[in-house]
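K.L.:
The following block contains the structure, expressed as structure tokens.
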Amino acid sequence: IDGGLADFSNYGGEVDLLAPGDEIVSIIPTEIVPLQLNLQGYDIRSGTSQAAPFVSATAALLRGNFPRMHRDEITRRIVDSADAGLPGKSLSGMLNLKGAFEISPLPSVRPIFKNFSVALYDGPTYKFMFPM
């Protein structure tokens, strides 16, 4: 809530990215009585199950705005735009939705295969060759 780590947070070199996960308004089954909210189907929850949707939503928003963007570019934008405000707590930092949209795309080259009817295989080198 205050921008720091929650007491239940995982952190360190094996954590790629941090995301909000403490006291998040979340959906719950309607059969369960909410403990903190007076609204059936919703309650306040904490944990990685609350943090993961923030990352998923960022990826979905990027894909929705850039439908041809490759998943590797989406991942790169999310990771490279993370705020490094908590050094040593994760490899990348805290998720930054706005930053993921502002980061410059990497230049890329996509091959155009013409007359893709021939594929040559060089046995000694284990390489395939295609006319382009």
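K.L.:
Ignoring ligands, DNA and RNA, what accessible area per residue does the chain give at 1.4 Å, in Å²? Walk me through the intermediate numbers first.
P.N.:
Numbers: 9730 Å² over 132 residues.
Computed with neighbouring chains in place, this is 74 Å² per residue.
K.L.:
Got a sec to turn the phi values of region 31-43 into Karplus ³J(HN,Hα) couplings, 6.51 cos²θ - 1.76 cosθ + 1.60 with θ = phi - 60°, whole Hz, x for Gly and Pro?
P.N.:
Rounded to whole hertz, the list is 6, 8, 7, x, 8, 10, 10, 9, 9, 4, x, 9, 7.
K.L.:
Related question: If I model a spin label as a point 7 Å beyond the Cα along the Cα-Cβ vector, how far apart are those points for Ser104 and Asp72 in nm?
P.N.:
For Ser104 paired with Asp72, the spin-label model returns 2.0 nm.
K.L.:
Of the chain, which part is the longest with no GluC sites (Glu not before Pro) in a loop (DSSP not H, G, I, E, B) and with at most 12 other C-beta atoms within 10 angstrom?
P.N.:
On the way: sites that count: Glu14, Glu31.
In short, 32-132.
K.L.:
Something else about it: If contacts are Cα pairs under 8 angstrom and at least 6 residues apart, what is the relative contact order of the chain in percent? Kindly include the intermediate steps, with their values, before the conclusion.
P.N.:
Working: 182 pairs, mean separation 28.9, N = 132.
This gives 22 percent for the chain.
K.L.:
When the accessible area of the chain is split by element with a 1.4 Å probe, what percent falls to carbon and sulfur?
P.N.:
58 percent
K.L.:
While we're on this one: Mind putting a number on the dipole of the chain about its Cα centre? Charges go on the C-beta only, +1 for Lys and Arg and -1 for Asp and Glu, and I need it in Debye to the nearest 20. List each step's numbers first, then the result.
P.N.:
Working: 11 positive and 14 negative charges, 180 e Å.
Charge dipole, the chain, about its Cα centre: 860 debye, nearest 20.
K.L.:
Something else: Please identify the longest segment of the chain free of exposed trypsin sites (Lys or Arg not before Pro), where exposed means a DSSP state other than H, G, I, E or B and no more than 16 other Cβ atoms within 10 Å. Show your work: numbers first, answer last.
P.N.:
Values: sites that count: Arg68, Lys114.
After excluding every exposed loop site, the longest remaining stretch is 1-67.
K.L.:
While we're looking at this one, here's another question. Among Gly3, Gln50, Gly64, whose Cα projects farthest towards the positive end of the dipole of region 1-90, with charges put on the beta-carbon of Lys, Arg (+1) and Asp, Glu (-1)?
P.N.:
Gly64
K.L.:
In addition: What longest region of the chain stays clear of chymotrypsin sites (Phe, Trp or Tyr not before Pro) that DSSP places outside H, G, I, E and B and that have at most 14 other Cβ atoms within 10 Å? Write down the numbers at each step before the final one.
P.N.:
On the way: sites that count: Phe8, Tyr11, Phe113, Phe116, Tyr126.
It works out to 12-112.
K.L.:
How large is the helix-only mean residue ellipticity at 222 nm for the chain, computed as the sum of -39500 (n - 2.57) over DSSP H runs with n ≥ 4, divided by its residue count, in deg cm²/dmol to the nearest 500? Show your work: numbers first, answer last.
P.N.:
On the way: 3 runs with 34 residues, N = 132.
Only helices count here, giving -8000 deg cm²/dmol.
K.L.:
Same structure, new question: Restricting attention to the alpha-carbon atoms of the chain, what are Rg (one decimal) and Dmax (integer), both in Å?
P.N.:
Cα radius of gyration and Dmax of the chain are 21.6, 71 Å respectively.
K.L.:
If amide hydrogens are placed 1.01 Å from N in the peptide plane, which non-local residues have theirs closer than 5 Å to the one on Gly93?
P.N.:
Under 5 Å from the amide H of Gly93 lie the amide H atoms of Leu18, each far enough along the sequence or on another chain.
K.L.:
Would you mind calculating the gained length between Ser56 and Glu31 on full extension (0.36 nm times residue separation, minus the Cα-Cα distance), in nm to one decimal? Kindly include the intermediate steps, with their values, before the conclusion.
P.N.:
Working: separation 25, 0.36 × 25 = 9.00 nm, distance 2.64 nm.
Full extension of this stretch gives 6.4 nm more.
K.L.:
Report the FRET efficiency, 1/(1 + (r/R0)^6), for Asp7 and Thr125, where r is their Cβ-Cβ distance and R0 is 41 Å, rounded to 0.05. It would help to have the intermediate numbers written out before the result.
P.N.:
On the way: r = 56 Å, r/R0 = 1.36.
Rounded to the nearest 0.05, the efficiency is 0.15.
The values are calculated or read from the model by the stated rules, or taken from the named source; none is laboratory data. For clarity, every value in this text was computed on a predicted model and none was experimentally measured. Counting neighbours? That spans all protein chains shown, and the Cβs are built from the backbone with ideal geometry, glycine included. Protein only, heavy atoms only, side chains kept; ligands, DNA and RNA dropped before computing areas. Shrake-Rupley method; radii C 1.70, N 1.55, O 1.52, S 1.80 Å.
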